[in-house]
Every structure is written in C-alpha cells, then in structure tokens.
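> Can you keep this structure in mind? I'll have questions shortly.
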Amino acid sequence: MTSTLSFDYNPTISTLPLADLEVGKHFYWEVFGYSLHGQVFIVSWLVIGLILGASILATITLNQVPRNTWQNVMEVVVEYIQGIAKNQMGSNFAEWVPFVGTLFLFILISNWLGALVPWKLIHLPEGELAAPTNDINTTISLALSTSITYFYAGLKKRGFSYFKKYFQPTPVLLPINILEDFTKPLSLSFRLFGNILADELTVSVLTLLVPILIPLPIMILGLFASSIQALIFATLAAAYIGESVEGHH
Amino acid sequence: MADSIVSAASVIAAGIAVGLAAIGPGIGQGNAAGQAVEGIARQPEAEDKIRGTLLLSLAFMEALTIYGLVVALSLIFANPFSS
C-alpha cells in the first residue's frame with residue numbers, strides 16, 4: 001500500500017513469469033455498512049467446521065473404553081489440552097479447559113490449513129485465501145477474548161478483592177501492573193500475527209525467486225513454528241487465567 | 001520530493017528495525033540453548049523435559065524479533081506516512 005516511485009496503488013512484483021507477489025489486497029464483503037475481510041471468514045468457517053466435525057465424529061458413540069478410533073484420537077488431544085491447563089493453573093483447571101482447548105485447536109488448525117492446503121486453486125475476485133491468523137484482526141480478537149476471560153475469571157473467583165492483585169508485591173509496582181494489562185493482549189496478538197505473516201511472506205518471496213525446492217525448508221519450519229505458537233498462545237492464556245485466579249504464590 | 005524522502009527514510013528504518021531486533025534475542029536464545037545442552041549432558045534422562053522447556057522459551061524470545069519484523073513490514077507495505 002505504498003506509493004513508491006508513483007506506480008499503481010498496490011504494486012505487484014514479478015520476476016520470471018512464474019510467480020507474482022502482492023501484499024495488501026483483501027477480499028472485502030460489505031455488510032450493513034461494514035467492510036469485512038471475506039477471505040478470513042471463509043477459512044475460519046472451514047477451520048470451525050473441521051474442528052466441530054472431528055468432535056462430533058468422536059462423540060457419536062461414547063464409550064468408557066473407546067471402540068471408535070476417532071474417539072481415541074480426540075481423547076489424546078483432550079488429555080494434552082488438560083495437561084496444558086493443569087500445568088499452568090494448578091487445581092481448579094477443569095472449567096477453563098474448553099477455552100484453552102478452543103484457542104489451541106483453532107490457532108493450530110488454522111495455521112496448518114494456511115500452510116498445507118493449496119489455496120491458490122480457489123480463485124477469489126481480489127486477494128487470496130490464506131491462514132486467518134495472518135490478519136491482525138483475528139489475532140487481536142483472540143488476544144482480547146483471553147484478556148476478557150482472565151478478568152472474568154479473577155472477578156468471579158475473588159470478587160472485587162481481585163483488584164488487590166495490582167498492589168502486590170509492593171504498591172510501587174502499581175503502574176507496571178496496570179501496564180501489564182495492556183501489554184499482555186498486545187504481545188499475544190503480535191507474537192502470533194508476526195510469526196504467521198512472516199512465514200507466509202518468506203515463503204511467498206522465496207517462491208517468487210526460486211519456485212522449485214528452495215521454499216520447502218521454510219515451509220517445514222513454518223509448520224513447526226506455527227504449532228509451537230499455538231501451544232504458546234494456549235499456555236500463556238492458561239497462565240494468565242491461573243495467575244488472576246490464584247494470585248501470586 | 002517529500003514523498004521520496006519519506007520512502008527512503010521508511011526503507012532505512014525498516015532495515016535498522018529488523019537488524020537491531022535480531023541482536024538481543026539472538027544472544028538470549030544462544031544462551032538458553034547452551035544451558036539446555038549442558039543440562040542434557042548432565043542428566044540425559046531428562047532430555048524430553050529439557051527440550052520441551054527449551055522450545056517454549058525459544059518461542060518467547062523469538063517473539064521479540066518478530067515485533068521488529070512487524071514494524072519493518074508495516075513500514076514497507078502499510079506505510080502511514082506515504083501519500
């Protein structure tokens with residue numbers, strides 16, 4: 001979206017006639033006077049549909065000892081998420097497992113779908129389909145829901161004595177504790193957004209320059225890094241909730 | 001004329017942002033990896049746990065470099081100062 005050298009509004013870089021790179025074009029939907037990013041919604045709905053489908057398949061016939069292989073697989077996933085929540089929150093982790101699990105699964109599946117599925121085959125009028133987490137709006141909304149959740153958890157568990165947390169360990173740290181309330185969602189959102197966007201841009205630029213074989217190591221690194229980022233987001237969310245429920249140990 | 005100065009300044013700022021942002025986390029990650037390897041050498045049975053903690057800490061430090069990259073990307077592709 002720069003106007004360097006007075007070219008067109010969205011300059012498209014192309015070297016060999018094999019690949020183009022353009023950044024900043026989105027597929028807009030106009031709904032009730034608001035512009036929505038259509039490509040983010042389409043892939044997000046696909047991710048939600050996949051997660052819901054897997055969950056429904058696993059719970060159609062619930063047995064104590066699973067006979068359904070899908071139930072077995074999803075039990076591993078649920079136990080892993082319970083492990084994350086339990087490590088960070090200690091004793092009363094059970095009611096927050098759905099939230100942490102939703103964050104982890106949504107971010108993991110959307111990052112991996114963005115990296116693995118050949119989206120270019122679906123032709124959009126403008127822009128193209130990619131991981132929904134490469135849009136800062138998605139990651140900010142996830143981070144803000146985490147923020148609201150840990151406030152809600154603290155207030156529900158401790159009432160208004162929740163605000164004593166700002167004065168611990170010493171009242172001198174009050175401005176820093178208040179600032180932390182703003183930096184927590186900021187760092188959560190930018191960490192995820194930056195990782196996913198940087199990986200996509202790197203792969204795009206490498207594909208533009210050398211379309212054969214060279215982008216592959218970066219794509220594999222992107223798969224690995226994006227799954228770590230999903231784990232980090234869920235772990236940090238659980239840690240913030242645990243911290244606001246229990247207070248400083 | 002002013003437009004080319006804004007563009008030139010943005011490009012220089014983007015380069016410096018990424019370059020400087022890589023220094024601190026580079027030192028930190030090298031440090032963490034070194035201590036992790038020492039821990040594994042001291043107690044090879046704990047390798048899985050050490051590796052898990054190492055990867056988690058590496059991702060935290062990586063985020064600081066990514067902040068610099070985000071600033072650089074927004075200067076190049078979403079520059080608020082260009083006309």
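> Taking the options A:THR235, A:THR170, name whichever one is hydroxyl-bearing (Ser, Thr, Tyr) and within 14 Å of another protein chain (Cβ to nearest Cβ). Spell out how you get there, then give the answer.
Numbers: A:THR170 fails: within 14 Å of another protein chain (Cβ to nearest Cβ).
The match here is A:THR235.
> Which residues, counting only those in the stretch A:119-153, are at positive phi and in a helix (DSSP H, G or I)? Walk me through it before giving the result.
Our first condition is that a residue be at positive phi; within the stretch A:119-153, this holds for A:127.
Matches in the stretch A:119-153: none.
> Ok, one more. Which residues, counting only those in the stretch A:168-189, are in contact (Cβ under 8 Å) with a residue 24 or more places away in the chain and either assigned to a helix (DSSP H, G or I) or among the basic types (Lys, Arg) (or both)? So that I can check it myself, show each step before the final result.
Our first condition is that a residue be in contact (Cβ under 8 Å) with a residue 24 or more places away in the chain; within the stretch A:168-189, this holds for A:168-169, A:181, A:184-186, A:188-189.
Residues satisfying the conditions are A:ASP181, A:LYS184, A:PRO185, A:LEU186, A:LEU188, A:SER189.
> I'm told A:LEU192 meets every condition in (1) part of a helix (DSSP H, G or I); (2) away from chain B (no Cβ under 14 Å); (3) surrounded by 18 or more Cβ atoms within 10 Å (Cβ to Cβ); (4) not aromatic (Phe, Trp, Tyr) except one. Can you identify the failing condition by its number?
Result: A:LEU192 fails condition (2) only.
> Would you pick out the residues in the stretch A:214-249 that are of a type in the set (Val, Ile, Thr), under 16 Å from the mean Cα position of the chain (by Cα) and over 30 Å from A:PHE160 (Cβ atoms)?
Within the stretch A:214-249, the subset of a type in the set (Val, Ile, Thr) is A:214, A:218, A:220, A:228, A:232, A:235, A:241, A:245.
Restricting the remaining residues to those that are under 16 Å from the mean Cα position of the chain (by Cα) gives A:228, A:232, A:235.
Hits for the stretch A:214-249 are A:ILE228, A:ILE232.
> Condition test on A:SER244, is it within 13 Å of another protein chain (Cβ to nearest Cβ), among the small types (Gly, Ala, Ser) and either surrounded by 13 or more Cβ atoms within 10 Å (Cβ to Cβ) or not in a helix (DSSP H, G or I) (or both)? Quick ask: steps written out before the conclusion?
On the way: within 13 Å of another protein chain (Cβ to nearest Cβ): no; among the small types (Gly, Ala, Ser): yes; either surrounded by 13 or more Cβ atoms within 10 Å (Cβ to Cβ) or not in a helix (DSSP H, G or I) (or both): yes.
In short, no.
> Return yes or no: is A:LEU192 modelled with pLDDT of 90 or more and of a type in the set (A, V, I, L, M, F, W, C)?
Numbers: modelled with pLDDT of 90 or more: yes; of a type in the set (A, V, I, L, M, F, W, C): yes.
Considered against the rule, which asks whether it is modelled with pLDDT of 90 or more and of a type in the set (A, V, I, L, M, F, W, C), A:LEU192 comes out as yes.
> From (1) in contact (Cβ under 8 Å) with a residue 12 or more places away in the chain; (2) in contact with a Gly (Cβ under 8 Å, 6 or more places away or on another chain); (3) more than 9 Å from every other protein chain (Cβ to nearest Cβ), pick out the condition that doesn't hold for B:ALA46.
That leaves (1) as the condition not met.
> Here is a follow-up. Counting only residues that are modelled with pLDDT under 85 and in contact with a Lys or Arg (Cβ under 7 Å, 6 or more places away or on another chain), which one in the stretch A:118-159 is surrounded by the fewest Cβ atoms within 10 Å (Cβ to Cβ)?
So the residue we want is A:GLU126.
The values are calculated or read from the model by the stated rules, or taken from the named source; none is laboratory data. As the structure is a computational prediction, the values presented were derived from the model and not from experiment. Because the Cβ atoms are built from the backbone with ideal geometry, glycine has one as well, and the counts that use them run over all protein chains shown.
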